[in-house]
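Before any comments, here is the structure.
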Amino acid sequence: MAPNLPAYTYIPGHWPHPFKDAEGHSYGREPAAPQHLDLKQWEPCKPYLRAIELFNAGYYWEAHEEWEGVWNLMGRHSLEGQHLQGLIKVAAAAIKIRQGHAKPARSLLSQAAKHFERVIAKHPEKLAGGLNLSVLERWCRDYRDDVGEMKANPQLAVEVVVAPLKTHPADG
């Protein structure tokens, strides 16, 4: 286990709540302060980068929490907010997959795809927040049909159940 990753990822009903339970992996720790996210120059936003790192390692709840802080700061209906809400819903879908709840996971992936569509329609650049949203939007739509076939184990401390997010430099 990498030293900068929690001992487990929170799965409701299976692990102690990270902040509320005295045995939680982040109990007593203050959440990181959210930072401004610029979809073109995203690298300075440390919570955004941390969320991608957590997500790619299978820490979906923790990634969701990091993105949510930035989402609230940016405004839920802003372009950045729509981008973040799509990522939050992909992370929530991964949690539902881990719990064995295919129907809500499919719904969340459909919702995420719609958020990415909104950003694509208003953001002329190929990349937003270092991510190719056209690829991510298509992946959400394609992947939702496979969710019912997935077998995940919520008892595992960490389990990667979705493809990692591949970031590209702003000039890529």
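The values are calculated or read from the model by the stated rules, or taken from the named source; none is laboratory data. Nothing here was measured: the structure is a model prediction, and the numbers come from that model. Using ideal geometry, Cβ is built from the backbone for each residue, glycine included, and neighbour counts are taken over all protein chains shown. Keep in mind that these areas ignore ligands, DNA and RNA; they rest on the heavy atoms of the full protein, side chains included. Shrake-Rupley method; radii C 1.70, N 1.55, O 1.52, S 1.80 Å.
Every listed requirement among (1) over 19 Å from ASP38 (Cα atoms); (2) at pLDDT 95 or above is met by GLY100 save one, (2).
Could you check the stretch 1-20 and list, in sequence order, the residues that are surrounded by 10 or more Cβ atoms within 10 Å (Cβ to Cβ) and at pLDDT below 85? Hit for the stretch 1-20 is MET1, nothing else.
Restricting attention to the stretch 120-151, the residues that are buried (at least 18 other Cβ atoms within 10 Å of the Cβ) and in a loop (DSSP other than H, G, I, E, B) total 3. Screening PRO44 on (1) free of Cβ contacts under 8 Å to residues at least 40 places away in the same chain; (2) outside any loop (DSSP other than H, G, I, E, B) shows it passes everything except condition (2). Of the residues screened, ALA112 is one that is within 25 Å of LEU133 (Cβ to Cβ) and touching a helix residue (DSSP H, G or I) at 6+ places or on another chain (Cβ under 9 Å). For the stretch 16-29, does any single residue satisfy the condition of being more than 29 Å from LEU79 (Cβ to Cβ), among the polar types (S, T, N, Q) and part of a loop (DSSP other than H, G, I, E, B)? Within the stretch 16-29, one or more residues are more than 29 Å from LEU79 (Cβ to Cβ), among the polar types (S, T, N, Q) and part of a loop (DSSP other than H, G, I, E, B). Cβ-Cβ distances below 6 Å connect the following pairs, each with a first residue in the stretch 108-132 that is touching a residue at least 40 places away in the same chain (Cβ under 8 Å), a second residue that is assigned to a strand (DSSP E or B), and a separation of six or more residues or different chains: VAL119/ALA128. The residues of the stretch 100-119 that are open to solvent by 40 Å² or more (accessible area, probe 1.4 Å) and at negative phi, listed by number, are HIS101, LYS103, PRO104, ARG106, SER107, GLN111, LYS114, GLU117, ARG118.
Examine the stretch 83-98 for a residue that is out of contact with any Gly (no Cβ under 7 Å at 6 or more places or on another chain), more than 23 Å from TYR10 (Cα to Cα) and either open to solvent by 30 Å² or more (accessible area, probe 1.4 Å) or in a helix (DSSP H, G or I) (or both), and state whether such a residue exists. No: zero hits.
For the stretch 70-79, how many residues are touching a Leu at 6+ places or on another chain (Cβ under 7 Å) and either over 20 Å from TYR48 (Cα atoms) or open to solvent by less than 40 Å² (accessible area, probe 1.4 Å) (or both)?
The number of residues fulfilling the criteria is 3.
Restricting the stretch 21-69 to residues that are touching a strand residue (DSSP E or B) at 6+ places or on another chain (Cβ under 9 Å) and open to solvent by less than 50 Å² (accessible area, probe 1.4 Å), the residue that is nearest to LYS89 (Cα to Cα) is ILE52.
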